[in-house]
Amino acid sequence: MAEFFHQLSPESRQHRFFSVAEPTAELVRSLCDSSNPRSKLTLVITRRSGDRETIVGAGSYIGLDDRTAEVAMAVDDRLQGKGIGTHLLERLALLASRVGFTRFWAVTQLENRGMIDVFRHSGFPLREKVEGTYLELDFSVVPTASSVELSEMRDRVFTAASLRSFFKPLSVAVVGASREPSSIGYRILQALMSNRFQGPVYPVNPKAGVIGSMRAYASVGVLPEPVELAIIAVPRDAVPGVVDECAAHGVKAVIVITAAFAEADEQGRALQKELLQKVRGYGMRMIGPNCMGLLNTNPAIQLNASFSPVFPPAGRIAMSSQSGALGLAILALAAERQLGVSTFVSVGNKADVSGNDLLQYWEVDDDTRVILLYLESFGNPRRFARIARRVSRSKPIIAVKAGRRLAGRRAAGSHTAALAANDVAVDALFRQTGVIRAETLDEMFDLAAALDNQALPAGRRIGIVTNAGGPGILCTDACEAGGLIVPELSEKIRSELRKCLPAGASLSNPVDMIASARADSYQRTIETMLPSSEIDALIVIYIPVDRNDSHSVAQAIRDGVSRGRATGGAGKPVLACLMSRDGARALVTPTETIPSYLFPEAAAKVLAKAVTYAEWRSKPLAMVPGFLDINKDAAKEIVRRALQKRGGGWLETEECRTLLSAFAIPQVAGGLARTSDQAAEIARNLGFPVAAKLASQRVLHKSDIGTVRLNLQDEARVRRTFDEIRQDGMEGILIQKMIGSGVELMIGVTEDKSFGPLIAFGLGGVHVEILGDVRFRVTPLTDRDAQEMVREIRGYRLLEGYRGHAPADVPAIEQVLLRVSRMVEDIPEIRELDLNPVFGLPPGQGCAVADARIRIA
């Protein structure tokens, strides 16, 4: 730290310490002591050069009082103006707010424009005061919409900029290039040359002077010019040394093809960790290790930095794969399906560059319209959720997630844990973020073809045109199974169709033109139906009766769509199903591409998922609400005392009730009795009838052993019940007011090892696991998540009122869901929670938790 301050220019020292003199050793030692973040804390940013790591930025806060801290920063003169000061301020504010500070105070000289800009562009609302030649600044460090938005914008810009050298390098070196045709180094060099990369390529091999008629170089250090991108395909133990050499000669990005790192053994994991530290210390980016490489099909670049023999046609679909071998198949399938690709990346072990980074790059990439992901795991699901939710609003993300097999129902202490199969979190995350989940790679490409080439549907009404009844029925069934509507056509449309179709044609919907229909029937039917306000999308099915007609029918479909667009059908998606040898070949017109599928069910499934995505995208932005009536400190103290007293485990009944009260979660009135006299007194104060329940950490499901008694009508019955259900070691008997009406619901939380807390909602009571009518979401819940969870369960009709049963107070139920989400976010020690039953009372009467179990760790 002393060396860092010594190397600052006199001007920078003046700005930091208001003196050109170096700070005293005592001050430096003080700044280096971050043992008590409630007093002061210093963050440093380091950079590696060779074997030496140096500080290039340092920022500190020092507490002035319980709520305010003074903040100051300094950045290496050579690196000022690159966002380092802003990044330091963001991190210092976050850490200060976590330990209770709410405001930062700073003073700087008026001439220090750079630091003043850092504060003014932070997104935090500032109060400024000029005193002579100094400017005092005072601002809240509590995150605001503006500060968060600016932080995410900076993250997006920085990330996209850091990846540019992968996709648009001016020059490339292949370290490990080889003369051996079977080697990876040979195949990568050949791929770069045969696909005409638009820049110089340098083979690097210490044992060869010439490779493939190209001059080879012994090392990166002797290349005639600096290169931006290095592709490394050398033995594992040689990789760190190659990275050192690349950093020393200005390489900005490396693709490590070499395998046997973290995926192989403990030694490989340690070596990968060392490799990552090197790369980040040098300020480089790395894809891999254990990857296939990447491609960019832009004609101005033509980069095949991989060992893929397939270079797909240029287009607007970006793809990422966690599997290198599967990546080869994906590229071959894309080329076979005539899907144009913008970029493809095999991320391998994702040591540095992850799918989250790629999403941010593709978000701002003008060449990309649709994003495809093959996922085997999530490195940082919460960051994925934030990024994907934003990206999905402008570009569709289609994902195939491997590993859908159910883990089985493990022995669990709560209904929620028993219901949460291992794929539940993935489904919930995708639903919340607008990601379209494909069941197979084939379906992923089906979806990509439609979303890349056709508009999103404006509604769920689908028109179907066919020349055979069977495929039309199959298509209708698949549409309705996907939540789409196949409406009856109006008499106006039918009368138009009668003019151009045979007498035996069915004119309802699907429109069955019968087998005798020819090309002109297709054209006129399509141009009649497509402009109609009665449908939102059109599926055209053709089964060849005479194979000689296939070409003319395909052309008629093109012409019908073009004319239908011109007369009012613009903006409606059209999908074709040509059930012939070339049925999956798209129909291309001068103005659009009409995706074609071999089977009608595939087209219907694509439209169903496209409609769901369009509806998600059209909704207003969701919000995570705040609450002014919670007492987080009291709740934390309850958990702290319980952990200190007993360690992890299930909270006692009184602790559960107090914890819920701290977050203003409504509960059925009641109290815990430890004697029959107390039970009678509580019942008398509540008013009869009452319920009595055993309170014991050792009993998981009280109703199973008969320790729940309802409708106790008098004190004598309460005393008798107390004696009947009491047990040794119990906490007591919980006496509660009977709820006369209401729908029994359950709200639960279980901890997923990757995703964090999952919240469950569904019908409650003792049969919750049998009914399985439960929906899950990943926290934190937004207002939209809560609304959708309540309405998605099959039992929602009960909440609306059913056969004389009163409806429930749905807004109150949503509020409890949001408060539970806030509670488990604020109290991360909560690992499992069951609120069952929660009584949904009639409108205006709210809801109430009757029984609660909470496990902490």
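The values are calculated or read from the model by the stated rules, or taken from the named source; none is laboratory data. Everything numeric in this text was worked out from a predicted model, so none of it was measured. For neighbour counting, all protein chains shown are included, and Cβ atoms are generated from backbone atoms with ideal geometry for every residue, glycine included. Side chains are part of the model used for accessible areas, which takes the heavy atoms of the whole protein and leaves out ligands, DNA and RNA. Shrake-Rupley method; radii C 1.70, N 1.55, O 1.52, S 1.80 Å.
Residue under question is ALA481, and the condition is that it be under 34 Å from the mean Cα position of the chain (by Cα) and loosely packed, with under 14 Cβ neighbours inside 10 Å; does it hold? Spell out the reasoning first.
Working: under 34 Å from the mean Cα position of the chain (by Cα): yes; loosely packed, with under 14 Cβ neighbours inside 10 Å: yes.
Yes; evaluated as a whole, the condition is true for this residue.
Is there a residue in segment 403-418 that is modelled with pLDDT of 85 or more and in a helix (DSSP H, G or I)?
Narrowing segment 403-418 to residues modelled with pLDDT of 85 or more: none.
Within segment 403-418 (the criterion being modelled with pLDDT of 85 or more and in a helix (DSSP H, G or I)), the answer is no, since none of the residues qualifies.
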When you scan segment 456-464, do you find a residue that is more than 26 Å from ILE557 (Cβ to Cβ), open to solvent by 10 Å² or more (accessible area, probe 1.4 Å) and of a type outside the set (Gly, Ala, Ser), even just one? no
Run GLU128 past the list (1) closer than 28 Å to ALA218 by Cβ; (2) touching a strand residue (DSSP E or B) at 6+ places or on another chain (Cβ under 9 Å) and report the number of the one that doesn't hold. (1)
Taking only segment 607-640 into account, find how many residues are over 15 Å from ILE830 (Cβ atoms) and in a helix (DSSP H, G or I). 13
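Closer than 23 Å to SER490 by Cα and either surrounded by fewer than 22 Cβ atoms within 10 Å (Cβ to Cβ) or in contact with a Cys (Cβ under 6 Å, 6 or more places away or on another chain) (or both): which single residue out of THR567, THR591 fits that description?
Details: THR591 fails: closer than 23 Å to SER490 by Cα.
Among THR567, THR591, only THR567 is closer than 23 Å to SER490 by Cα and either surrounded by fewer than 22 Cβ atoms within 10 Å (Cβ to Cβ) or in contact with a Cys (Cβ under 6 Å, 6 or more places away or on another chain) (or both).
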If only one of PHE101, PHE139, PHE119 is open to solvent by less than 50 Å² (accessible area, probe 1.4 Å), farther than 30 Å from ASP365 by Cβ and in a loop (DSSP other than H, G, I, E, B), which one is it? PHE101
Subset of segment 349-378, residues open to solvent by 10 Å² or more (accessible area, probe 1.4 Å) and either among the hydrophobic types (A, V, I, L, M, F, W, C) or within 25 Å of GLU439 (Cβ to Cβ) (or both), comes to LYS350, ALA351, SER354, GLY355, ASN356, VAL364, ARG369, TYR374, LEU375, GLU376, SER377, PHE378
Taking the condition of being modelled with pLDDT of 95 or more and farther than 22 Å from LEU456 by Cβ, how many residues in segment 556-595 meet it? 3
Would you be able to say whether some residue in segment 470-478 is touching an Asp or Glu at 6+ places or on another chain (Cβ under 9 Å) and in a strand (DSSP E or B)? no
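A quick yes/no check of all residues on (1) more than 19 Å from PHE430 (Cβ to Cβ); (2) of a type outside the set (A, V, I, L, M); (3) out of contact with any helix residue (DSSP H, G or I) (no Cβ under 7 Å at 6 or more places or on another chain):
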position: GLY762; (1), (2), (3): yes, yes, no
position: VAL768; (1), (2), (3): yes, no, no
position: VAL774; (1), (2), (3): no, no, no
position: GLN787; (1), (2), (3): no, yes, no
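With crowded, with 23+ Cβ neighbours inside 10 Å, touching a Gly at 6+ places or on another chain (Cβ under 8 Å) and either free of Cβ contacts under 8 Å to residues at least 12 places away in the same chain or of a type outside the set (D, E, K, R) (or both) as the only criterion, which of LEU799, LEU835, LEU781, LEU841 stands out?
LEU835
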Of the conditions (1) over 16 Å from PHE599 (Cβ atoms); (2) surrounded by fewer than 24 Cβ atoms within 10 Å (Cβ to Cβ); (3) not basic (Lys, Arg), GLY470 satisfies every one except a single condition; which number is it? (1)
Failed item, numbered, when MET513 is tested on (1) open to solvent by 50 Å² or more (accessible area, probe 1.4 Å); (2) in contact (Cβ under 8 Å) with a residue 40 or more places away in the chain: (1)
Determine whether segment 233-241 contains at least one residue that is closer than 26 Å to ARG164 by Cβ and touching a residue at least 60 places away in the same chain (Cβ under 8 Å). no
Scan segment 150-168 and give yes if some residue there is in a helix (DSSP H, G or I), without any contact (Cβ under 8 Å) to a residue 60 or more places away in the chain, of a type in the set (A, V, I, L, M) and buried (at least 16 other Cβ atoms within 10 Å of the Cβ), otherwise no. yes
Only one of (1) under 30 Å from the mean Cα position of the chain (by Cα); (2) at pLDDT 95 or above; (3) not polar (S, T, N, Q) fails for GLY281. Which number is that? (2)
Just one listed residue, out of VAL749, VAL824, is buried (at least 22 other Cβ atoms within 10 Å of the Cβ), part of a strand (DSSP E or B), out of contact with any Phe, Trp or Tyr (no Cβ under 8 Å at 6 or more places or on another chain) and not basic (Lys, Arg), and it is VAL749
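Which fully enclosed helices (runs of 4 or more DSSP H) of segment 1-61 have 2 or more residues being in contact (Cβ under 8 Å) with a residue 60 or more places away in the chain and either out of contact with any Gly (no Cβ under 8 Å at 6 or more places or on another chain) or surrounded by fewer than 12 Cβ atoms within 10 Å (Cβ to Cβ) (or both)?
Working: elements: 2-7, 10-17, 25-31.
In segment 1-61, 2-7, 10-17 are the helices (runs of 4 or more DSSP H) which contain 2 or more residues that are in contact (Cβ under 8 Å) with a residue 60 or more places away in the chain and either out of contact with any Gly (no Cβ under 8 Å at 6 or more places or on another chain) or surrounded by fewer than 12 Cβ atoms within 10 Å (Cβ to Cβ) (or both).
Those residues that are hydroxyl-bearing (Ser, Thr, Tyr) and either touching a Leu at 6+ places or on another chain (Cβ under 9 Å) or modelled with pLDDT of 95 or more (or both), I need them from segment 741-765; list them, please.
Our first condition is that a residue be hydroxyl-bearing (Ser, Thr, Tyr); within segment 741-765, this holds for 741, 750, 754.
Listed by number, the residues that qualify are SER741, THR750.
If you scan segment 547-583, which residues turn out to be of a type in the set (Val, Ile, Thr) and closer than 14 Å to TYR597 by Cβ?
Looking only at segment 547-583, we keep the residues that are of a type in the set (Val, Ile, Thr), and these are 553, 557, 561, 567, 574.
Selection gives ILE557, VAL574.
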